[in-house]
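Peer 1: Pasting a structure below so you can have a look.
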Amino acid sequence: MRVAVDERDGHLQLSIEDDGIGGADPARGSGLVGLRDRVEALGGTIEVTSVTGDGTLVVARLPVRPA
């Protein structure tokens, strides 16, 4: 598993990647729908790439707000 956190263009970018079996599908109740709802509620975006047999990559971008 690989986890990376970066600040880019006013956004916090979180990348989580594994080398599992892939095939994550929101339609099958994988929890990705709830995760997307939470990220979007904060004004962010999320992308999931999960090819069967090739692991999963989740990239979330959240806006950074001044303190």
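Peer 1: Pull out the extension gain between ALA41 and ASP19, defined as 0.36 nm times the separation in residues minus the alpha carbon to alpha carbon distance; nm, one decimal.
Peer 2: Stretched out fully, the ALA41 to ASP19 stretch lengthens by 5.0 nm.
Peer 1: Next up: Sum up the charges of everything whose Cβ sits under 11 Å from the Cβ of ALA60, counting Lys and Arg as +1 and Asp and Glu as -1, but leave ALA60 out.
Peer 2: Cβ neighbours under 11 Å give a net charge of +1.
Peer 1: If you bin the C-alpha pair distances of the chain every 5 Å from 0, what whole percents do you get?
Peer 2: It works out to 4, 17, 23, 24, 17, 9, 3, 1, 0, in whole percents.
Peer 1: Accessible area per residue, 1.4 Å probe, Å², for the chain: what's the number?
Peer 2: Averaged over the residues of the chain, the accessible area is 71 Å².
Peer 1: If you don't mind, there's one more thing I want to ask. Let's see if you can work this out: charge +1 on each Lys and Arg Cβ, -1 on each Asp and Glu Cβ, no other charges. What is the dipole magnitude of the chain about its Cα centre, in debye to the nearest 20?
Peer 2: Dipole of the chain, to the nearest 20 debye: 240 debye.
Peer 1: I've got another one for you. Taking Cα pairs under 8 Å and at least six residues apart, what relative contact order does the chain come out at, in percent?
Peer 2: Result for the chain is 38 percent.
Peer 1: So, with a 1.4 angstrom probe, what is the percent of accessible area on the chain that is carbon and sulfur?
Peer 2: Carbon with sulfur: 53 percent of the solvent-accessible area.
Peer 1: Of the options GLY20, LEU42, THR52, report the single residue whose Cα projects farthest towards the positive end of the charge dipole of the chain (beta-carbon charges: Lys, Arg +1; Asp, Glu -1).
Peer 2: LEU42
The values are calculated or read from the model by the stated rules, or taken from the named source; none is laboratory data. As the structure is a computational prediction, the values presented were derived from the model and not from experiment. Here Cβ is always computed from backbone atoms with ideal geometry, including for glycine, and neighbour counts include all displayed protein chains. The protein model used for the area step is the full one, side chains on, heavy atoms only, and it has no ligands, DNA or RNA in it. Shrake-Rupley method; radii C 1.70, N 1.55, O 1.52, S 1.80 Å.
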